[in-house]
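See below for the structure under consideration.
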Amino acid sequence: MNIFRLLGDMCHLVAIIILFLKIWRSKSCAGISGKSQVLFALVFTTRYLDLFTSFISVYNTVMKVVFLVLAYATVYLIYLRFRSTYNSESDSFRVEFLLVPVAGLSFLENYAFAPLEILWTFSIYLESVAILPQLFMITKTGEAESITTHYLFFLGLYRALYLANWVWRYHTEGFFDQIAVVSGVVQTIFYCDFFYLYFTKVLRGSGKMTLP
Amino acid sequence: DYPGKKKDEL
């Protein structure tokens with residue numbers, strides 16, 4: 001474990017908690033892409049199956065359980081508890097255009113042709129594009145509440161910190177996970193446009209982020 | 001043994 005990965009995991013946790021609390025307290029999921037949240041729940045489900053087969057550390061196990069519980073709880077809030085506030089017409093990204101290529105690629109490009117390994121690879125590829133429905137929804141509605149932009153900021157920052165973690169691990173222990181690194185770079189690139197708007201608009205105190 | 005074998009990251 002290194003400071004970059006720890007900070008990254010904390011940013012990830014903060015992002016997920018920000019979103020959950022926003023929906024729970026405002027009793028509304030307006031402006032939130034349910035599709036992205038379903039994709040994230042799928043990412044955690046396919047990645048954390050080793051919860052039952054291998055024990056890494058208490059931290060690893062606890063964080064996996066927390067991420068899974070919060071991801072499913074958020075999906076529950078969106079599609080069941082506060083479904084009347086869900087903007088399904090704005091959440092129109094065709095997720096099959098993500099799932100099919102990601103599934104195909106995870107069969108083609110993986111470290112081992114074994115069920116757990118392919119599912120893990122699928123989760124890595126899927127995570128890099130899972131935010132697209134949410135970013136697409138924001139471009140469609142042309143705006144995002146500031147709390148939603150803080151959620152996206154921490155979510156984007158988490159994987160950027162993981163890139164630093166991989167640089168650190170490469171130089172200190174020769175660790176290099178090509179699939180995770182390439183996907184992590186792609187994932188972080190998708191946030192660049194948002195980061196620009198976040199720093200120029202939201203942090204200037206304009207509250208809402210309205211797209212040009 | 002391949003790079004992803006040791007999956008100690010979240």
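No value in this document is a laboratory result; all are computed from the given coordinates. Here the structure is a predicted model, which is why all the values come from computation and not from measurement. Ideal geometry is used to build each Cβ from the backbone, glycine not excepted, and the neighbour counts take in all protein chains shown.
With the requirement that a residue be of a type in the set (Ser, Thr, Tyr) and more than 14 Å from chain B (Cβ to nearest Cβ), what does the range A:143-165 give you?
Correct list: A:146, A:148, A:149, A:151.
Output the residue which, of all residues in the range A:159-198 that are more than 19 Å from the chain's Cα centre (by Cα) and among the β-branched types (Val, Ile, Thr), is farthest from residue A:101 (Cα to Cα).
Looking at the filtered set, the residue picked out is A:172.
For the range A:41-63, which positions are in contact (Cβ under 8 Å) with a residue 40 or more places away in the chain, facing chain B (nearest Cβ under 10 Å) and within 25 Å of residue A:129 (Cα to Cα)?
Those that are in contact (Cβ under 8 Å) with a residue 40 or more places away in the chain, facing chain B (nearest Cβ under 10 Å) and within 25 Å of residue A:129 (Cα to Cα): A:44, A:47, A:50, A:63.
Do any helices (runs of 4 or more DSSP H) entirely within the range A:37-155 hold 3 or more residues that are under 17 Å from residue A:23 (Cβ atoms), and if so, which?
Per the criteria, A:58-76, A:132-141.
Go through the residues of the range A:169-179 one by one and say whether even a single one is in contact with a Ser or Thr (Cβ under 9 Å, 6 or more places away or on another chain), of a type in the set (S, T, N, Q) and surrounded by fewer than 19 Cβ atoms within 10 Å (Cβ to Cβ).
no
Take the residues of the range A:168-183 that are free of Cβ contacts under 8 Å to residues at least 24 places away in the same chain and in a helix (DSSP H, G or I): which is farthest from the other protein chains (Cβ to nearest Cβ)?
A:171
Spot the failing condition for residue A:140; the list is (1) away from every other protein chain (no Cβ under 14 Å); (2) touching a residue at least 60 places away in the same chain (Cβ under 8 Å), and only one is missed.
Result: residue A:140 passes all but (2).
Which condition from (1) out of contact with any Asp or Glu (no Cβ under 8 Å at 6 or more places or on another chain); (2) touching a residue at least 60 places away in the same chain (Cβ under 8 Å); (3) within 14 Å of chain B (Cβ to nearest Cβ) is the one that residue A:131 breaks?
(3)
Output the number of residues of the range A:74-118 satisfying the condition of being of a type in the set (Asp, Glu), buried (at least 16 other Cβ atoms within 10 Å of the Cβ) and touching a residue at least 12 places away in the same chain (Cβ under 8 Å).
1
Can you name every residue in the range A:136-148 that is surrounded by fewer than 20 Cβ atoms within 10 Å (Cβ to Cβ) and in contact with a helix residue (DSSP H, G or I) (Cβ under 6 Å, 6 or more places away or on another chain)?
Hits for the range A:136-148 are A:146, A:147.
So, of the residues in the range A:19-56 that are surrounded by fewer than 18 Cβ atoms within 10 Å (Cβ to Cβ) and among the β-branched types (Val, Ile, Thr), which turns out to be nearest to the chain's Cα centre (by Cα)?
Among those residues, the one meeting the criterion is A:45.
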